[in-house]
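Q: The structure's right below; bear with me while I get my questions together.
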Amino acid sequence: MPLGLLALAIGGFGIGLTEFVIMGLLPEVAADFGVTEAVAGWLITGYALSVVVGALVVTALVTRFPRKNVLVALMGLFIAGNLLSAIAGSYEAMMLGRVVAALCHGAFFGIGAVVAASLVEPAKKAGAIAMMFAGLTAANVLGVPFGTLLGQTYGWRSTFWAITVIGVVALVGTITLVPAKTDSETPGHLRSELRAFGRLQVWLSIAITILGYGGMFGAFTYIAFTLTEVSGFTSGSVPWLLILFGVGLFIGNYLGGRAADRNLTATLLTLLAALTAVLVFFAFSAESQIATVVSLFLMGVLGFATVPGLQMRVMAFADDAPTMASGANIAAFNLGNALGAWIGGVTITAGLGYTSPIWAGAVITVAAVVVLVVATRLQHQRSMVRI
């Protein structure tokens, strides 16, 4: 394994922890700032929307710079944002810290995915991308549950202090392990990168990402409330249940990367259809603790197994100018996150209960399947015309 992949995974770990740990701490954050659960949820939505902006605007601004230098600068921004969150004296200051940290997220993963794919042979590209995202899954397996436990024990601010320290470690890893220049790296030009967005399949890939990822996070954003208010778990059980979810993410990321390298389209269709079925089952059976445990694990496996394939799909259709397309797809992941969190908050505010975000997630995921089927048919029709 190239050591550069390890560095990217370390960066992914820190960023993933920042994005996801807030979900397990929403009740504590809401109580501390005196806001409602739905308003506290905007710390997730605001982060995700800022990732979208960063993935597009920041990536566009840095395409002409060496990728390693950009990754180092982005990690510095990440550290600053989490430091702001740790010392925030108000909800508004907390939101500012989240926004600053989020601005590095999309560009880091977008550029990192291109770097990861360039470090291995063509047949292993999806696996290399999965390795980079393994940092994200490790954040869920280890970081999020223990970060939640740390926050519940010593206050949620302690978690963000810990993330700041992890950011420093990730910065050192990026400086020392990522190659100064990959063999495939050439000076980037924004105009040539933007030409990729003239291709319908690039836009369809982005739409599939928004809907596929949005469906899972529509269900997951308010999971702490679902677990305690519907399934009857104690708040102390939430970190351990998140460990189970994180294990599912880790397994799914690994298996999804391997499967996508073999057959990208079939893998995505199968995973998205199966995820829809699991979300429906979860919504029906959330009052059962056993069924909830099974559903939570499978939701993690299937939801994150799609990630390497979703990222690989957009890069495959923009292979001659992948940086902006890759960044845009990272934005799509987080736009889906924001969409799911927003719809989940709307359903809860409407009084539909804490299982309503799960139902909403299932509907969003069905839409992803439909778009993927349409995109696949269009791709086949174009191939037949060429023949």
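The values are calculated or read from the model by the stated rules, or taken from the named source; none is laboratory data. All values derive from a computational prediction rather than experimental measurement. Here Cβ is always computed from backbone atoms with ideal geometry, including for glycine, and neighbour counts include all displayed protein chains.
Q: Across the range 175-195, which residue is nearest to the chain's Cα centre (by Cα) among those that are under 19 Å from ALA55 (Cα atoms) and at pLDDT 70 or above?
A: LEU194
Q: Next up: What residue, among those in the range 10-37 that are buried (at least 24 other Cβ atoms within 10 Å of the Cβ) and among the small types (Gly, Ala, Ser), is farthest from ALA116 (Cα to Cα)?
A: GLY24
Q: Looking at (1) surrounded by fewer than 16 Cβ atoms within 10 Å (Cβ to Cβ); (2) under 24 Å from PHE197 (Cα atoms), which is the only condition ALA277 fails?
A: Answer for ALA277: the failing condition is (2).
Q: If you don't mind, another one. Taking the range 348-387, which residues are farther than 16 Å from LEU271 by Cα, of a type in the set (S, T, N, Q) and buried (at least 20 other Cβ atoms within 10 Å of the Cβ)?
A: THR355, SER356
Q: Let me ask another. Quick one: in the range 211-243, of everything that is surrounded by fewer than 22 Cβ atoms within 10 Å (Cβ to Cβ) and among the hydroxyl-bearing types (Ser, Thr, Tyr), which residue is farthest from the chain's Cα centre (by Cα)?
A: Only one residue tops the list, namely THR234.
Q: May I pose another question? Is it true that some residue in the range 290-310 is free of Cβ contacts under 8 Å to residues at least 24 places away in the same chain and closer than 20 Å to MET132 by Cβ? Break it down into steps so the answer makes sense when it comes.
A: Of all residues in the range 290-310, those free of Cβ contacts under 8 Å to residues at least 24 places away in the same chain come to 290-291, 294-295.
Remaining after also requiring closer than 20 Å to MET132 by Cβ: none.
The answer is no, given that none of the residues of the range 290-310 is free of Cβ contacts under 8 Å to residues at least 24 places away in the same chain and closer than 20 Å to MET132 by Cβ.
Q: May I ask you to list the residues in the range 279-311 that are in contact with a Ser or Thr (Cβ under 6 Å, 6 or more places away or on another chain), in a helix (DSSP H, G or I) and aliphatic (A, V, I, L, M)?
A: ALA283, ALA291, LEU310
Q: Additional query: For the range 30-47, how many residues meet the condition of being farther than 20 Å from THR349 by Cα and either more than 16 Å from the chain's Cα centre (by Cα) or not hydroxyl-bearing (Ser, Thr, Tyr) (or both)? Please lay out each step first, then the result.
A: Quick first cut of the range 30-47, residues farther than 20 Å from THR349 by Cα only: 32, 47.
Imposing the further condition that a residue be either more than 16 Å from the chain's Cα centre (by Cα) or not hydroxyl-bearing (Ser, Thr, Tyr) (or both) reduces the set to 32.
The total comes to 1.
Q: Consider ASN253 against the criteria (1) at pLDDT below 90; (2) in contact with a Gly (Cβ under 7 Å, 6 or more places away or on another chain); (3) crowded, with 24+ Cβ neighbours inside 10 Å; (4) of a type outside the set (Ser, Thr, Tyr): it satisfies all of them except one. Which criterion is unmet?
A: ASN253 satisfies all of (1) at pLDDT below 90; (2) in contact with a Gly (Cβ under 7 Å, 6 or more places away or on another chain); (3) crowded, with 24+ Cβ neighbours inside 10 Å; (4) of a type outside the set (Ser, Thr, Tyr) except (2).
Q: Those residues that are among the β-branched types (Val, Ile, Thr) and modelled with pLDDT under 90, I need them from the range 88-111; list them, please. Full working, then the answer.
A: Here is the first cut: in the range 88-111, the ones among the β-branched types (Val, Ile, Thr) are 99-100, 111.
ILE111, the sole residue that qualifies.
Q: What residue, among those in the range 62-91 that are of a type outside the set (A, V, I, L, M, F, W, C) and part of a helix (DSSP H, G or I), is farthest from THR176 (Cα to Cα)?
A: Of everything passing the filter in the range 62-91, TYR91 is farthest from THR176 (Cα to Cα).
Q: In addition: Sort out which residues of the range 331-358 are aliphatic (A, V, I, L, M) and within 15 Å of MET23 (Cβ to Cβ), and write them in order of number.
A: First pass over the range 331-358, keeping only residues aliphatic (A, V, I, L, M): 331-332, 335, 338-339, 341, 343, 346, 348, 350, 352, 358.
If the condition is that a residue be aliphatic (A, V, I, L, M) and within 15 Å of MET23 (Cβ to Cβ), then ALA338, ALA341, ILE348, ILE358 are the ones that fit.
Q: What number of residues in the range 38-62 are within 22 Å of SER356 (Cα to Cα), surrounded by fewer than 21 Cβ atoms within 10 Å (Cβ to Cβ) and at pLDDT below 80?
A: 1
Q: Quick one: would you say GLY147 is under 16 Å from TRP240 (Cβ atoms), out of contact with any His (no Cβ under 9 Å at 6 or more places or on another chain), modelled with pLDDT of 80 or more and buried (at least 23 other Cβ atoms within 10 Å of the Cβ)?
A: Numbers: under 16 Å from TRP240 (Cβ atoms): yes; out of contact with any His (no Cβ under 9 Å at 6 or more places or on another chain): yes; modelled with pLDDT of 80 or more: yes; buried (at least 23 other Cβ atoms within 10 Å of the Cβ): yes.
Yes: the conditions hold for GLY147.
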